[in-house]
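Working notes, beginning with the structure itself.
The values are calculated or read from the model by the stated rules, or taken from the named source; none is laboratory data. Being a predicted model, the structure only gives us computed values, none of them experimental. No Cβ is skipped: glycine too gets one built from the backbone with ideal geometry, and neighbour counts run over all protein chains shown. Accessible surface areas use protein heavy atoms only, side chains included; no ligands, DNA or RNA. Shrake-Rupley method; radii C 1.70, N 1.55, O 1.52, S 1.80 Å.
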Amino acid sequence: MVREVPLGESVDLQHLEDAFRQGGVRTDDDALTLIDFRNSRRFDVVALLCVLAMVGTRINSDRLTRFRLPRGAALDTLRRERFLETACQVARAPLPMLLALEDVKSLRDRMNSDRVSAWWQSGDPRDQIIQHLREKRVFGLSLYRLENEDARTAMMQEELGRWTDPLALALFSRSLKESAEWDVARVIVHEILANVQEHPNASMAVVASDMVLSDKDTPQPALTIAVWDNGDSIVETLRAGLDSRGSVRVAPPPATDTFRVRRQGFGAPVTDQMVTSVWEPQVGDDDRDLLLASLFPGISRKLGEADQPGHPAVDRFLGCGLYFLYHHVIDVFRGTLDIYVGKIRLTVQAEPDPASSAQYLVTLTEGLGTSKIRGNLVVARLPTHG
């Protein structure tokens, strides 16, 4: 049995979720899933990362995913983003095994007739810089194997070096909402990857990034940085700590933030809930509560120093990684942060309602078409200006 999933012209998160829902795609489905890109022309790098996360989730259970490829410039875009190369690494399979048979020859023909891209000759200088940074692998998809601590350290060093490229820093300085170009690497990239390093049993991580500048056809231009890992999820690790210790509050929060929490999906309450970051989950709380709690400083699966022999002092910054991350994404760059775990999507952004007493709006969505993935997907979107 083959389950075909045709994708439309624009492959973004919303269209991807709609296609998966309409196609009845499940990561635990025994059917061979064939993702059809033939009509696709535009690709959001986070949507491509979600497809790779699904491939990795399915291959973990010996379930196969294959692709039908687009033609012409759209195929060049997939190659430039290193989607096909990364899919092979995620699936641990050669490319012909991942393609419909008719696509193997057409891809080979396309590779044999490559020409120099036209962006070298014309176009906006900043667009040329972005294309050059794709060629240098600053933007696109990059996979890392995380077999040991040395490999995790190497991932961090390579990514920080990538994001402090002088050309990238110059572009960030001119195009981001605030001139805090060094904070892209120093805080955003560092905290996302440090979060990956804390997840037990992660054997791989895929970093995805792209930058889109403002024009009439792009209503929400942004620098996007996303990472998926296949380790134990944030919810699973906090659940284990909660079950074994009765609490995952390991340090008092260094500051108190206020959130308006909106739940969407089956059985969601009609009214929003006001929560502060001093709140902590209890045994029996659902997965959405645990994912919400992961934002709050002082919440961690790790024991606090006060719980360990010879360390009477409390580390005030234990469990602050996501706290530092959302503060910089939202307060410095005026962006949004998304976290995907299982079939849950958490979005945190600045509170849009001027009449609200909250600083941030958190939206928790479950059961509305999001395909279940193993591990964790974290997405930071930093708006760009013209």
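Details
- Per-region count, the range 232-262, residues basic (Lys, Arg), open to solvent by 40 Å² or more (accessible area, probe 1.4 Å) and under 24 Å from the mean Cα position of the chain (by Cα): 2
- Residues of the range 80-101 classified as open to solvent by 70 Å² or more (accessible area, probe 1.4 Å) and at pLDDT 80 or above, total: 6
- Test: residue in the range 160-174 that is buried (at least 19 other Cβ atoms within 10 Å of the Cβ), charged (D, E, K, R) and within 17 Å of the chain's Cα centre (by Cα): no
- Residues within the range 283-300 that are closer than 19 Å to HIS328 by Cβ and without any contact (Cβ under 8 Å) to a residue 12 or more places away in the chain, tallied: 0
- Here is the figure for the range 140-155: residues that are open to solvent by 20 Å² or more (accessible area, probe 1.4 Å) and under 15 Å from ILE225 (Cα atoms) total 1.
- Of all residue pairs spaced 6 or more apart or on separate chains, those with beta-carbon atoms under 7 Å, a first member in the range 237-249 that is assigned to a helix (DSSP H, G or I) and a second member that is open to solvent by less than 50 Å² (accessible area, probe 1.4 Å) and β-branched (Val, Ile, Thr) are LEU238/VAL248; GLY241/VAL248; LEU242/VAL248.
- Selection of the range 110-131 for residues being open to solvent by 60 Å² or more (accessible area, probe 1.4 Å) and at pLDDT 75 or above yields only ASP127.
- Answer residue from the range 61-79, given it is open to solvent by less than 30 Å² (accessible area, probe 1.4 Å) and closer than 22 Å to TYR144 by Cα and is modelled with the lowest pLDDT among those: THR65
- Scanning the range 286-296 for residues that are assigned to a loop (DSSP other than H, G, I, E, B) and more than 24 Å from PRO254 (Cα to Cα) gives a single hit, ASP286.
- Residues that are open to solvent by 10 Å² or more (accessible area, probe 1.4 Å) and at pLDDT 95 or above were ranked within the range 362-386; the one that is nearest to THR237 (Cα to Cα) is THR363.
- If only residues of the range 321-351 that are farther than 14 Å from ILE192 by Cβ and part of a loop (DSSP other than H, G, I, E, B) are counted, the one that is least open to solvent (accessible area, probe 1.4 Å) is GLU351.
- Annotation: ASP210 fulfils all but one of (1) surrounded by fewer than 19 Cβ atoms within 10 Å (Cβ to Cβ); (2) at pLDDT 90 or above; (3) of a type in the set (D, E, K, R); the unmet one is (1).
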